[in-house]
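Before any comments, here is the structure.
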Amino acid sequence: MSVPTIIVHGGARTFEPDLKEVVKDGVRAAARQGYDHLIGSGNAMDAVVEAVSAMEDNMVFNAGHGSMLNLNGDVEMDAIVIDGRNLASGAVCGLQGCANPVQVARLVMEKTKHCLLTADGARAFMKSQGIQPIPNRELVTQKAVVEFETYKKYSTAVEKVMLSRSIPPVTSDCDTVGAVAIDGNGNVAAATSTGGITAKLPGRVGDSCIIGSGAYADNAVGAVSTTGLGESIMRVCLARRIAELLEKGETADQASKHALDFMSKRVGGTAGVIVISAAGVSGTARVAHHFTTTNMVWAAISNGYMRWGIDPDQEESSELKA
Ligand SMILES: NC(=O)C[C@H](N)C(=O)O
């Protein structure tokens, strides 16, 4: 038996001061929605998909509604789920016209023999599963357009956003979302969903849908979801690297810090991670979050308490209301 626990993130980057409360509200609501499923169905996979779906529906986050725009001004989304019981995984990339890519990723895992479907194929599969497409433009928010127009002026948008801690945000956009959970039976699951990076080349696929980069989950070890510069995260297989460090006996906190240090020293770039280590004999899972960006918005629930934060070394907490 384990203590049911969930942690979610709403992206790692610099958040404008007046946006901080909005995104903290968003991750708290998503964590609560996921936690209610964790307790209700008792299933870690249900919990992470619910939590990520809530953030995809919240226009303030860069996933589903609110996704960032590629160089053509279009939305192309990536998402993944991983089940720690059997390492099953499903993912989509370059998906258009879908409100909840994480739910399609789950169907890829449950209904196909494959791990990852791309673009038109992913969309056709989505329709075959009875999920109605929506016009891609419905996913486009005003803030995404403003962000796009601003960053189009820079040929090095990716570097400007992610390679420096000190660049102030140009607009009030937010970032990739993710969730990891452990249920009462000790099963872990991870989910990540994103619109990617503003002004990315059409067809660019980031880390978020890649096993071991944007997410990882294994009951023997724990679960991880990442956010940040996909090109760096993929090159060090960040989520799997954290899992390896857990396997070697590091705590969730140590593994997060060491893996992010390794990434920044070896390939550069910034990122954030959320981690739950497997419960082990005590039955108590360890939860950690760590980021090398200026901010990462996160929220965690366990044992009747919610904790959340956005700045380094800062957190708030309150008893969970019924
Ligand atoms: N903001 C993000 O987390 C972006 C995502 N990791 C990507 O590179 O697509």
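Observations on the structure shown:
- In this structure, Y305 does not satisfy being aromatic (F, W, Y) and either surrounded by 24 or more Cβ atoms within 10 Å (Cβ to Cβ) or in contact with a Gly (Cβ under 9 Å, 6 or more places away or on another chain) (or both).
Okay, residues lined up against (1) modelled with pLDDT of 95 or more; (2) buried (at least 21 other Cβ atoms within 10 Å of the Cβ); (3) within 16 Å of the ligand (Cβ to nearest atom); (4) not charged (D, E, K, R):
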| residue | (1), (2), (3), (4) |
| --- | --- |
| R32 | yes, no, no, no |
| A47 | yes, yes, no, yes |
| E50 | yes, yes, no, no |
| L95 | yes, yes, yes, yes |
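- Taken together, T284, T270 contain a single residue that is away from the ligand (no atom under 16 Å from the Cβ) and either crowded, with 23+ Cβ neighbours inside 10 Å or within 23 Å of M1 (Cβ to Cβ) (or both), which is T284.
- Evaluation of A99 against the conditions (1) surrounded by fewer than 23 Cβ atoms within 10 Å (Cβ to Cβ); (2) assigned to a helix (DSSP H, G or I); (3) of a type in the set (A, V, I, L, M); (4) modelled with pLDDT of 95 or more shows that the sole unmet condition is (2).
- Scope the range 133-174; condition assigned to a loop (DSSP other than H, G, I, E, B) and either away from the ligand (no atom under 16 Å from the Cβ) or modelled with pLDDT of 85 or more (or both); matching residues: P133, I134, P135, V140, T141, K153, Y154, S155, S166, P168
- Once the range 228-250 is narrowed to residues that are assigned to a helix (DSSP H, G or I) and out of contact with any helix residue (DSSP H, G or I) (no Cβ under 7 Å at 6 or more places or on another chain), the residue that is farthest from the ligand (Cβ to nearest atom) is E247.
Conditions (1) within 16 Å of the ligand (Cβ to nearest atom); (2) modelled with pLDDT under 95; (3) among the small types (G, A, S), marked per residue:
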| residue | (1), (2), (3) |
| --- | --- |
| R13 | yes, yes, no |
| V22 | no, no, no |
| Y35 | no, no, no |
| G40 | no, yes, yes |
| D57 | no, no, no |
| S67 | yes, no, yes |
| E76 | yes, no, no |
| A79 | yes, no, yes |
| L87 | no, no, no |
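- Enumeration of residues in the range 83-103 that are closer than 17 Å to A215 by Cα and more than 17 Å from the chain's Cα centre (by Cα): R85, N86, L87, A88
- Test for A255: is it within 13 Å of the chain's Cα centre (by Cα) and either more than 30 Å from E147 (Cα to Cα) or acidic (D, E) (or both): no
- The condition of being of a type outside the set (A, V, I, L, M) and touching a residue at least 60 places away in the same chain (Cβ under 8 Å) holds for only one of G249, G304, G283, that being G283.
- Sub-8 Å Cβ pairs linking a first residue in the range 47-67 that is within 19 Å of I7 (Cα to Cα) to a second residue that is part of a loop (DSSP other than H, G, I, E, B) and acidic (D, E), at least 6 apart or interchain, are A47/D183; F61/D175; N62/D173; N62/D175, ordered by first then second residue.
- Failed item in (1) more than 13 Å from the chain's Cα centre (by Cα); (2) under 14 Å from V177 (Cα atoms), with R106 passing the rest: (2)
- Options S208, S225, S193, S213; residue that is assigned to a loop (DSSP other than H, G, I, E, B), buried (at least 24 other Cβ atoms within 10 Å of the Cβ) and either within 15 Å of the ligand (Cβ to nearest atom) or at positive phi (or both): S213
- Of all residues in the range 82-102, those that are on the phi > 0 side of the Ramachandran plot have Cβ atoms under 8 Å from Cβ atoms of residues that are assigned to a loop (DSSP other than H, G, I, E, B), 6 or more apart or on another chain, in G94/E76; G94/G203; G94/V205; G97/P133; G97/I134; G97/P135.
- Selection count where residues are surrounded by fewer than 19 Cβ atoms within 10 Å (Cβ to Cβ) and not in a loop (DSSP other than H, G, I, E, B), scope the range 1-27: 6
The values are calculated or read from the model by the stated rules, or taken from the named source; none is laboratory data. Since the model is a prediction, treat every value here as computed from it, not as a measurement. In this analysis, Cβ positions are derived from the backbone assuming ideal geometry, glycine residues included, and neighbour counts consider all displayed protein chains.
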